[in-house]
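Working notes, beginning with the structure itself.
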Amino acid sequence: MPELPEVETVVRGLRASVLGRRITGVRFGKTDFIENPAALEERLPGQRIAEIERYGKFISIRLDPARDADPPFYLAIHLGMTGQIVARHAEEDVAPHTHAFLALDDGREIRYTDPRRFGRIRLLSGPLAGALREPLGLDPLAMSEAEFRAALHPRRARIKALLLDQLVLRGMGNIYTDESLWRARIHPQRLGARLSDQELRRLYRAIQKVLHAAIEGHGSSISDYRDAYGLPGNFQHSHRVYQREGKPCARCRSKIRRTIVAGRSSFFCPRCQAKPRGKRKKASGAR
């Protein structure tokens, strides 16, 4: 599933490519992943793309109406597992599984392609964060170290589970959680409440460095992900632990291992990321 760096890369590409353009027409293929497609066909033509932002893993497109008297509204898009958004000239070949076409006033189209159709598209009125009706957590790129510490330190859940919890940090996913924990030398099964201030500081800085580096590398193309120009990302070549089971750690040369945390595969170095110790049992007959 595209995570924060992939969605941020798509948003920046769309912002550079279609910001300010006006939508002139809408057509759909399959619509089972679109909330109220008839409303989109009715309301989108004539709207100007005024702003494109990321909210967690959502793409938010603010649309300003042709008439000043009408209030703006938002097109919210979630890429699901295999969703792709690109801007193409109308005469260019259409990729298989392309289900949404937004015609623009310059002869191009915004095309949404999704083989598995686990993504979501819907219109929202009012500010996006409130209209989504989903109380998401801190944005990892905008949070302070103090906010990060306050969100994690009281929690007794596994740190891997906490970082994946969208109510704690919006936008984090399996790839960048594993990469950040490796950089911070923290085992994915450690409890958030048992991390020291120094470990939390390392983890905060690791998350920032990993996410910014991934965005600079245009995200990770593990399978279907492509940016707004249809190009794959490059950051998968910089992964240190994710999907590298059995390969040598880039730091100590120990073999990377895989375990399951919060129902997800978690990759880690057994030497660099020490496993949490269980409580010692009292000796039999001890008083």
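Rule-based calculations on the coordinates, nothing more; no lab input. This structure is a prediction, so every number in the text was calculated from the model and none was measured. Here the Cβ is made from the backbone with ideal geometry for all residues, glycine too, and neighbour counts use every protein chain on show.
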Report the extension gain between Ala38 and Glu91 in nm, rounded to one decimal, defined as 0.36 nm multiplied by the number of residues separating them, less their alpha carbon distance. 16.6 nm
Residue-count net charge about Val10 - beta-carbon cut-off 12 Å; Lys, Arg +1, Asp, Glu -1: 0
Whole-Hz ³J(HN,Hα) from phi, Karplus 6.51 cos²θ - 1.76 cosθ + 1.60, for region 135-152, glycine and proline x: x, 7, x, 5, 7, x, 7, 10, 6, 8, 5, 5, 5, 4, 4, 5, 6, 9
Relative contact order for region 183-287 using alpha-carbon pairs under 8 Å, separation at least 6, rounded to a whole percent? 24 percent
What are the lysines whose alpha-carbon lies under 23 Å from the alpha-carbon of Lys275, with same-chain residues fewer than 8 places away excluded? Lys160, Lys247, Lys255
Pairing the Cα long axis of helix 4-18 with the longest principal axis of the chain, what angle in degrees results, from 0 to 90 and rounded to the nearest 10? 20 degrees
Taking a ≥ b ≥ c as the square roots of the eigenvalues of the Cα gyration tensor, with a/c under 1.5 meaning rounded and otherwise prolate when a/b exceeds b/c and oblate if not, region 107-264 is oblate
How much net charge surrounds Arg183 when only the other residues with a Cβ under 11 Å from the Cβ of Arg183 are counted, with Lys and Arg +1 and Asp and Glu -1? +4
For the chain, the Kirkwood Rh over every pair of distinct alpha carbons, in Å, works out to 20.5 Å
Mind checking which of Phe33, Ile23, Leu4 is farthest towards the positive end of region 4-131's charge dipole, using Cβ charges of +1 (Lys, Arg) and -1 (Asp, Glu) about the Cα centre? Leu4
Toy charge model, Lys and Arg Cβ at +1, Asp and Glu Cβ at -1: the chain dipole around Cα centroid in debye, rounded to 20, equals 2940 debye
Taking amide H positions as placed 1.01 Å from N in the peptide plane, with prolines and chain starts having none, which residues 5 or more places from Ser254, or on another chain, fall under 5 Å of its amide H? Cys249
Using alpha-carbon coordinates, inclination of helix 197-216 to the longest axis of the chain, degrees: 30 degrees
In terms of the Cα gyration tensor, with a ≥ b ≥ c the square roots of its eigenvalues, is region 230-277 rounded because a/c is under 1.5, prolate because a/b exceeds b/c, or oblate? oblate
With contacts defined as alpha carbon pairs under 8 Å and 6 or more residues apart, what's the relative contact order of region 99-203 in percent? 23 percent
Once fully extended, how much extra length lies between Ser238 and Lys275, figured as 0.36 nm per residue of separation less the alpha-carbon to alpha-carbon distance? 10.9 nm
Grab the beta carbon distance between Thr259 and Ser144, set R0 = 25 Å, and tell me the FRET efficiency rounded to 0.05. 0.20
Can you show me the helix-derived [θ] at 222 nm for the chain, built from DSSP H runs with n ≥ 4 at -39,500 (n - 2.57) apiece and divided by the number of residues, rounded to the nearest 500. -7500 deg cm²/dmol
Looks like region 4-131, by Cα gyration tensor root eigenvalues a ≥ b ≥ c and the a/c under 1.5 rounded cutoff (else prolate when a/b is bigger than b/c, oblate otherwise), is rounded
For region 4-131: relative contact order, % (alpha-carbon pairs under 8 angstrom, 6 or more apart): 28 percent
Max mean-square fluctuation residue, GNM over the chain, Cα-Cα springs under 10 Å, options Arg116, Arg226, Arg258: Arg116
Write down the percent of antiparallel bridges among all DSSP beta bridges whose residues are both part of the chain, to the nearest 5. 95 percent
